[in-house]
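**Q** Below is a structure I'd like to ask you about.
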Amino acid sequence: MPSTQESPPHPRRPRQSWSETPGLSPRPDGWRMRLHRSLVAAMKRMPRPVIRLAADAYIAGETRAEALALTDRLWKEHGLSSTCDVLGEAIDSEEQAQEYYEEFEAMIEELTERRHYANASIKLSGLGQLLDEERCFERTRALLEIARDRGQFLRIDMEDHTTTDSTLGIYRRLREVGLDNCGVVLQSRLFRTEKDIEDLAPWKPNVRLCIGIYREPPSVALQDKTEMKHHLLTLLEKLWTHGQHVGLATHEEWVIHEAVELAARLHKPPEEMEVQMLLGVPRSKIQRELLDMGVRVRLYVPYGHQWHAYSMRRLENNPDMLRMVAANVLTKPFRRD
Ligand SMILES: Cc1cc2nc3c(=O)[nH]c(=O)nc-3n(C[C@H](O)[C@H](O)[C@H](O)COP(=O)(O)OP(=O)(O)OC[C@H]3O[C@@H](n4cnc5c(N)ncnc54)[C@H](O)[C@@H]3O)c2cc1C
């Protein structure tokens, strides 16, 4: 097995996107934002089957069975691990929170025999975090107990910055009651993350580290994507130096190559490294390279009936997403992935 030092050469400077071009505002304000809103409004009026064409690449299907069948194929045919997510954030009643809970309960049951290559990612907002934090804690605790009894790990996704305190607070309480089979997500775009890493260090959390998908205000977050990615690497080094397990969630190839080099410098064996990506983002070549090195590669596999609302929210919240999805769909016939 090749060592982590044998990674292919790569450009150190990232490709610039419009939002990172010198002289342009890194925030898509003004006419760009108006154009984005008009495009999203137009998409909301499009027939669902048209949107489904684009969403299909990113979503396993509407049912648990479809998601599980996909995790099996990803593992058996490609050696890719999965983390399954039920599309159900932004709920507005306890009944919906309960439905979301029950779907996860059933999912965890079915993941038991797949636990070496698949786990679940939960969103606390789906479990009622914004309705009643205590009930959300109890539901999360119950899911973690079920998962623990079946030898499984659960990841708690991170949502926008208004929920970070609550999410990390719930995570700490879960660890205090002895539930060690859960992990958190930290976002490099937030200024607070460095301190969160220090505060959480005694717990040695299993962290998914990403730039963060939510557009956040300049008072709390970096606005330039290149800076977010450099910060991602700084935080990764900090976490690894603390001896924590990190699932590095990014599709940016120069960041992945830098991470591989960092692992080598820190004498971290490839088997202890994990890179996570979203289902549907065309990255098969680098996934293969990582797998060949012995690095675990895990895909985020969302499923559920709420695929339309989910897709629209993602497009709405993240102006870059529209460009990336369009590029992905339009170049698909010409790619081999
Ligand atoms: C497994 C996983 C779990 C995540 N969990 C969370 C979470 O809990 N909380 C949170 O806030 N964020 C989460 N994210 C999202 C993450 O924070 C980023 O928003 C997302 O990964 C894009 O960042 P990037 O580092 O890939 O950089 P980007 O600059 O966004 O992407 C780099 C390149 O990858 C390609 N690309 C990226 N996304 C797409 C796409 N959708 N379609 C086509 N091409 C694309 C493009 O070529 C792009 O130029 C998660 C991401 C992953 C992979």
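Readers should treat all values here as calculations from the given coordinates under stated rules, not as data from a laboratory. None of these values were measured; they are calculated from a predicted model. Quick reminder, even Gly has a Cβ in these numbers, built from the backbone with ideal geometry, and neighbours come from all protein chains shown.
**Q** May I have the count of lysine pairs in the stretch 64-303 with C-alpha atoms under 22 Å apart, counting pairs 8 or more residues apart or located on different chains?
**A** Lysine pairs meeting the criterion: 13.
**Q** With the crude spin-label approximation of a point 7 Å out along Cα→Cβ, what separation in nm comes out for Glu176 versus Met324?
**A** 3.6 nm
**Q** What spacing in nm lies between the two simple spin-label points modelled at Arg34 and Arg141, each 7 Å away from Cα in the Cβ direction?
**A** Here the modelled spin labels are 5.2 nm apart.
**Q** Let me ask something else. Name the residues whose placed amide hydrogens come within less than 5 Å of the amide hydrogen of Gln276, ignoring near sequence neighbours (fewer than 5 apart) on the same chain.
**A** Leu248, Ala249, Thr250, Arg298
**Q** Something else: Sort 161-173, 45-57 by packing, meaning the average of other beta carbons within 10 Å per residue, with the highest value first.
**A** By packing density, highest mean first, the sequence is 161-173, 45-57.
**Q** When a footprinting reagent is the concern and you count Cβ atoms within 10 Å, what order do Glu252, Glu95 take, fewest first?
**A** Glu95, Glu252
**Q** Given the Cα-Cα distance of Glu110 and Lys204 and 0.36 nm per residue of separation, how much length would full extension add, in nm?
**A** 31.0 nm
**Q** Considering amide H positions built from the backbone, and no H for Pro or chain starts, which residues 5 or more places from Ile122, or on another chain, come under 5 Å of its amide H?
**A** Arg155, Ile156, Asp157
**Q** For the stretch 54-94, what are the per-bin percents of Cα-Cα distances with bins 5 Å wide, up to the bin holding the maximum?
**A** Result, from short to long distances: 5, 20, 23, 24, 13, 8, 4, 2, 0 percent.
**Q** Using the count of nearby Cβ atoms within 10 Å as a rough guide to exposure, how do Lys123, Lys76, Lys225 rank from fewest to most?
**A** Fewest-to-most ranking of Lys123, Lys76, Lys225: Lys76, Lys225, Lys123.
**Q** At 222 nm, what value in deg cm²/dmol follows for the chain if DSSP H runs of at least 4 each add -39500 (n - 2.57) and the sum is divided by all its residues, to the nearest 500?
**A** Helix contribution divided over all residues of the chain: -15000 deg cm²/dmol.
**Q** Additional query: Looking at the chain, what % of the alpha carbon pairs are farther apart than 26 Å?
**A** The answer is 49 percent, as a whole percent.
**Q** Picking from Trp254, Trp31, Trp203, which is most flexible by a Gaussian network model of the chain using Cα springs under 10 Å?
**A** Trp31
**Q** Could you compute the FRET efficiency for Glu272 and His230, with r as their C-beta to C-beta distance and R0 at 35 Å, rounded to 0.05?
**A** 0.95
**Q** Under 9 Å from the Cβ of Ser121, count the other residues' Cβ atoms, weight Lys and Arg +1, Asp and Glu -1, and hand me the total.
**A** Net charge around Ser121: +1.
**Q** Which length gain, in nm to one decimal place, applies between Ser284 and Ala309 when the Cα-Cα distance is subtracted from 0.36 nm times their residue separation?
**A** Gain in length upon complete extension: 6.2 nm.
**Q** Can I ask one more? What residue among Leu39, Leu190, Leu248 shows peak mean-square fluctuation when the chain is described by a Gaussian network model with Cα springs under 10 Å?
**A** Leu39
**Q** Related question: Within the chain, what percent of beta bridges assigned by DSSP are antiparallel, to the nearest 5?
**A** Antiparallel bridges make up about 5 percent of those DSSP assigns within the chain.
**Q** When a footprinting reagent is the concern and you count Cβ atoms within 10 Å, what order do Phe104, Phe137, Phe191 take, fewest first?
**A** So the residues, fewest neighbours to most, are Phe191, Phe137, Phe104.
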